[in-house]
1. Looking at 111, 37, which is the one that is modelled with pLDDT under 95 and either over 25 Å from residue 15 (Cβ atoms) or surrounded by 12 or more Cβ atoms within 10 Å (Cβ to Cβ) (or both)?
2. Residue check: is residue 106 modelled with pLDDT of 95 or more and not in a loop (DSSP other than H, G, I, E, B)?
3. Tell me which of these residue 136 doesn't satisfy, since it passes every other one: (1) in contact (Cβ under 8 Å) with a residue 40 or more places away in the chain; (2) closer than 26 Å to residue 15 by Cα; (3) touching a helix residue (DSSP H, G or I) at 6+ places or on another chain (Cβ under 6 Å).
4. Find all pairs meeting these conditions: Cβ atoms under 7 angstrom apart; at least six residues apart or on different chains; first residue within segment 6-27 and touching a residue at least 40 places away in the same chain (Cβ under 8 Å) and on the phi < 0 side of the Ramachandran plot; second residue surrounded by 13 or more Cβ atoms within 10 Å (Cβ to Cβ) and not in a helix (DSSP H, G or I).
5. Condition check: in contact with a strand residue (DSSP E or B) (Cβ under 6 Å, 6 or more places away or on another chain) and farther than 15 Å from residue 28 by Cα. Does residue 114 satisfy that?
6. Take the residues in segment 4-42 that are under 14 Å from the mean Cα position of the chain (by Cα) and in a helix (DSSP H, G or I); name whichever of them is farthest from residue 141 (Cα to Cα).
7. Search segment 75-103 for residues being in a loop (DSSP other than H, G, I, E, B) and touching a strand residue (DSSP E or B) at 6+ places or on another chain (Cβ under 7 Å), and hand back the single one that is surrounded by the fewest Cβ atoms within 10 Å (Cβ to Cβ).
8. For segment 65-74, how many residues meet the condition of being more than 15 Å from residue 22 (Cβ to Cβ) and exposed (fewer than 13 other Cβ atoms within 10 Å of the Cβ)?
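The values are calculated or read from the model by the stated rules, or taken from the named source; none is laboratory data. Note that the coordinates shown come from a computational prediction; the quantities given were computed from them, not determined experimentally. Note that we place each Cβ from the backbone using ideal geometry, even for glycine, and neighbour counts take in every protein chain shown.
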C-alpha cells in the first residue's frame, strides 16, 4: 500500500520528485507473492490498483539503487541493519517526519481483518506529506 500511495503522491509533484520510482521490498518477503486481498480492497477505495503487485525481498542491489529507504517499524530497520551493515544514512521510519507523532511505527496488518488494513492505510496517508517534504529538502541539498 505504501508503495502505491507514495508513488501516487510523488507523481503529482514536479521533477525531480515526480521522476522517483517507489519500490516495495520486504525484510521477510519472498518473490512473486500477490498483495493481500485486504490491501487491494483498501487501495481500491482511492482508485489505486494493487492487483498486479508482486512481493520481493530487500536486496543489496535495491539498497544501492535507493535514494531513501523507509521502514514501517523499528524492527524492520534493525533487521535491515543486521543483514546489510553498510546501509546508507537515508534509512528512516515511514512516519519519522510527522511532527508531534506519538506513533512513529506502522504495524503490519498481515493476516488481520479489513479494519486493520484500513488503519494501516490511514497511518500511511498521514505520513506521506511529511515524506514528500523530506524529499523536497533532500533534493535541495
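1. Working: 37 fails: modelled with pLDDT under 95.
Sole residue among the options that is modelled with pLDDT under 95 and either over 25 Å from residue 15 (Cβ atoms) or surrounded by 12 or more Cβ atoms within 10 Å (Cβ to Cβ) (or both): 111.
2. Details: modelled with pLDDT of 95 or more: yes; not in a loop (DSSP other than H, G, I, E, B): no.
So residue 106 fails the test.
3. (3)
4. Going by the 7 Å Cβ cut-off, the qualifying pairs are 6/22; 8/48; 10/20; 10/22; 27/58.
5. Considered against the rule, which asks whether it is in contact with a strand residue (DSSP E or B) (Cβ under 6 Å, 6 or more places away or on another chain) and farther than 15 Å from residue 28 by Cα, residue 114 comes out as no.
6. In this case the residue turns out to be 39.
7. If we take residues in segment 75-103 being in a loop (DSSP other than H, G, I, E, B) and touching a strand residue (DSSP E or B) at 6+ places or on another chain (Cβ under 7 Å), then 90 is surrounded by the fewest Cβ atoms within 10 Å (Cβ to Cβ).
8. 1
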